Amino acid sequence: MPLALLALAVGAFGIGTTEFVMMGLLPDVADDLGISIPTAGHLVSAYALGVVIGAPLLAAATTRMSRRAVLIALMALFVVGNALSAVAPGEISLLAARFVSGLPHGAFFGVGAVVATGMVAPERKARSVSLMFLGLTVANIVGVPAATAMGQQLGWRATFLGVSAIGVAAIAALAVLIPRDSAPAPTTGLRGELAALRSLPVWLALGTTVAGFGALFAAYSYITPMLTDAAGFAETSVTLLLALFGVGATAGNLLGGRLADHSLRGTLFGGLASLVVVLALFPLLMRTPVTAAVSVALLGMAAFVTGSPLQLMVMEKAAAAPSLASSANQAAFNLANAGGAWIGGLALAAGFGVTSPATAGAALAVLGLAVAGTAWAV
């Protein structure tokens with residue numbers, strides 16, 4: 001595999017760290033700014049909103065630029081957003097900075113996927129995307145815990161300065177490792193890219209991402225009460241258990257990339273089917289600590305097996321506009337995050353039990369299978 005994929009993985013590592021570290025820093029940020037934790041939670045939403053808005057807009061605005069230049073510019077914006085977060089004097093300015101930090105997220109992964117697949121043989125495309133996504137999954141194992149610990153010891157502002165430094169390292173890696181002639185500017189232009197998004201198969205592919213990863217987040221958003229109330233773990237054990245999710249996600253991401261190069265459709269359907277099974281079994285698996293721990297790792301593996309296949313399916317369905325469609329798929333991932341958490345919350349609020357979000361997630365995964373089947377059929 002080209003060494004240039006390492007540069008993409010470094011950028012993905014920084015993005016994954018800044019996306020998820022705010023969850024661990026919420027109490028510190030709330031205390032420092034004098035706001036409640038629920039109010040501080042809006043900082044998570046601000047980042048997600050930046051992803052959803054920035055993914056298609058930045059991809060569309062940079063259609064005539066060299067993709068190598070686009071990646072470097074997006075990472076520069078990432079550095080600016082995190083640096084502004086570090087020096088934000090109050091809640092409103094920090095909300096704005098988190099929004100700016102989220103803007104390059106989707107476009108970076110979208111354009112990065114196009115660059116990654118363009119540097120390898122056709123039979124290695126999925127593997128190249130999975131190696132880029134490796135930075136995102138490793139961030140959940142190493143980056144987020146380390147950044148959270150830094151914030152707790154040195155203050156939350158130090159965390160965002162550290163993440164900015166990762167972004168600077170990614171810019172240097174992109175500039176050095178990605179050859180100038182490996183990522184030329186696309187020739188379709190903005191009108192051609194937008195035209196490709198009018199295709200029904202593209203929207204069905206995006207819908208598969210929303211339903212499939214919505215299934216994950218319906219359960220994962222409420223994994224802590226499941227582990228403590230159903231499986232009987234102490235709250236102090238949850239951080240270690242969430243690392244198991246990261247290990248499972250990393251393994252699933254690498255496995256999905258390898259399998260998808262042999263059968264994209266088979267890997268996608270197999271991953272979604274396994275997600276249905278894992279989520280449907282959650283009420284049983286959460287009855288003992290051992291099976292609960294295993295189920296957390298299996299959830300990460302089953303969900304992230306589908307990551308590379310979903311990205312490639314969208315790119316295939318929008319072959320004339322891979323950058324914009326690929327970036328839109330990243331927006332779909334974040335819509336899945338918000339929508340899945342909302343649906344899981346509805347199940348909890350309805351009184352169906354602490355593991356009911358997983359059952360709701362299983363239903364969403366079934367919907368994902370149906371949408372994927374329709375996408376391949378039309």
DSSP-loop trypsin sites (Lys or Arg not before Pro) across the range 1-93, with at most 12 other Cβ within 10 angstrom: ARG64
Centre separation in Å (Cα based) which lies between the range 107-176 and the range 215-268: 19
For the range 297-354, radius of gyration divided by Kirkwood radius, i.e. Rg to Rh on alpha-carbons: 1.13
Overall Cα dimensions of the chain - principal axes, largest extent first, Å: 56, 51, 33
Dipole magnitude (debye, nearest 20) for the chain, charges at Cβ of Lys, Arg, Asp, Glu: 980
Equivalent-ellipsoid semi-axes of the range 236-289, from the Cα gyration tensor, Å, largest first: 26, 16, 5
Helical contribution to [θ] at 222 nm, DSSP H n ≥ 4, -39,500 (n - 2.57), averaged over the chain, rounded to 500: -27000 deg cm²/dmol
Accessible surface, 1.4 Å probe, highest first, among residues ARG265, ARG198, ARG124, ARG98: ARG198, ARG265, ARG124, ARG98
Among ALA336, ALA126, ALA169, residue whose mean-square fluctuation peaks in a GNM of the chain (springs only between Cα atoms under 10 Å): ALA169
Accessible-area order (highest first, 1.4 angstrom probe) of the listed residues LYS125, LYS317: LYS125, LYS317
Accessible surface of MET119 - all protein chains present, 1.4 Å probe, nearest 10 Å²: 40
Solvent-accessible ranking of SER274, SER327, largest area first, probe 1.4 Å: SER274, SER327
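The values are calculated or read from the model by the stated rules, or taken from the named source; none is laboratory data. Please read all numbers here as calculations on a predicted model, not as lab measurements. Neighbour counts are summed over all protein chains in view; Cβ atoms, including those assigned to glycine, are modelled from backbone coordinates with ideal geometry. Note: accessible area is taken over every heavy atom of the protein model, side chains too, but ligands, DNA and RNA are not part of it. Shrake-Rupley method; radii C 1.70, N 1.55, O 1.52, S 1.80 Å.
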